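Here is the structure we will look at.
Values in this text are rule-based calculations from the coordinates and carry no lab data. From a predicted model like this one, the values you see are computed outputs, not experimental measurements. So basically every Cβ, Gly included, is an ideal-geometry build from the backbone, and we count neighbours across all protein chains shown.
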């Protein structure tokens with residue numbers, strides 16, 4: 001489900017995000033969304049959660065400009081906050097997909113640096129109005145860490161053309177924000193373990209090997225998984241949550 005042109009907030013964002021004529025930008029947005037639909041629509045694509053979200057029209061898209069640029073941070077943060085407010089009730093298989101189609105080609109290390117640069121910037125804006133989601137840790141070294149925006153926890157998945165894992169290899173950099181609450185709901189329903197096992201089997205068939213970075217939430221920090229790059233035990237996350245300016 002894409003943001004509709006009739007949504008004036010999103011239309012304003014699109015004009016702020018890209019200086020080209022709206023018709024040209026709209027064409028690029030539509031092409032990027034179609035490419036992503038085709039990407040996850042492959043019969044063998046391993047992530048069953050993404051396929052379910054697409055089937056139920058619960059994928060929400062926003063195209064920004066360049067993942068290495070700060071120009072769109074306020075718009076991105078506002079859109080994520082609105083998404084969190086609308087969908088923070090634990091409904092399964094709903095995600096916010098943020099595209100950066102005007103980015104330069106990035107190595108895995110450069111993409112990882114840009115990903116955390118954007119998350120730091122989003123947090124710096126978000127913390128003025130929202131506290132960190134109390135259901136998760138704000139320490140990226142903790143096994144209970146999740147990114148928080150709009151007071152809701154998210155598991156972030158990075159995609160880009162030069163990702164080593166084929167399931168992460170999309171035509172432009174993208175960040176997929178998955179509400180953490182939906183995973184807790186799946187656990188409560190007794191569906192999480194079977195779904196995860198099925199995804200792992202499909203990923204092995206799709207990529208030829210298991211993802212060495214995949215871990216169950218609560219066993220290792222999910223921050224290690226966000227960029228998709230294989231990192232060692234000495235890896236340190238380039239993110240520190242600041243104390244929220246919000247008083248409740």
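Of the peptides 152-160, 131-139, the order by per-residue mean of other Cβ atoms within 10 Å, starting with the highest, comes out as 152-160, 131-139.
Apply the a/c threshold of 1.5 to the C-alpha gyration tensor of the chain and tell me whether it is rounded, prolate or oblate. Here the chain falls in the rounded category.
Across the chain, the mean sequence separation of Cα contacts (distance under 8 Å, 6 or more residues apart), normalised by length, yields a relative contact order of 22 percent.
Between 228, 49, 208, the GNM of the chain built on Cα springs shorter than 10 angstrom shows 208 fluctuating the most. Considering only the chain, what is the antiparallel percent among its DSSP beta bridges, to the nearest 5? Among the beta bridges of the chain, antiparallel pairing accounts for roughly 65 percent.
Taking only Cα atoms and a 10 Å spring cutoff, compute GNM fluctuations for the chain and point out the largest among 187, 71, 165. Between 187, 71, 165, it is 187 that shows the largest mean-square fluctuation. Pairs of Cα atoms nearer than 8 Å and 6+ residues apart set the relative contact order; for the stretch 136-232 it is 34 percent. Note on residue 236 and residue 31: the model spin-label points, each 7 Å out from Cα along the C-beta direction, lie 4.3 nm apart. Fewest neighbouring Cβ atoms within 10 Å first, the residues 99, 239 line up as 239, 99.
Spin-label model, residue 169 to residue 121: label points 7 Å out along the Cα-to-beta-carbon direction sit 2.8 nm apart. With the simple model of a label 7 Å out from the Cα in the direction of the Cβ, residue 207 to residue 74 spans 3.8 nm.
Sorted by packing (mean other beta-carbon atoms within 10 Å per residue), highest first, where do 176-184, 55-63 land?
Per-residue mean Cβ counts within 10 Å order the peptides as 176-184, 55-63.
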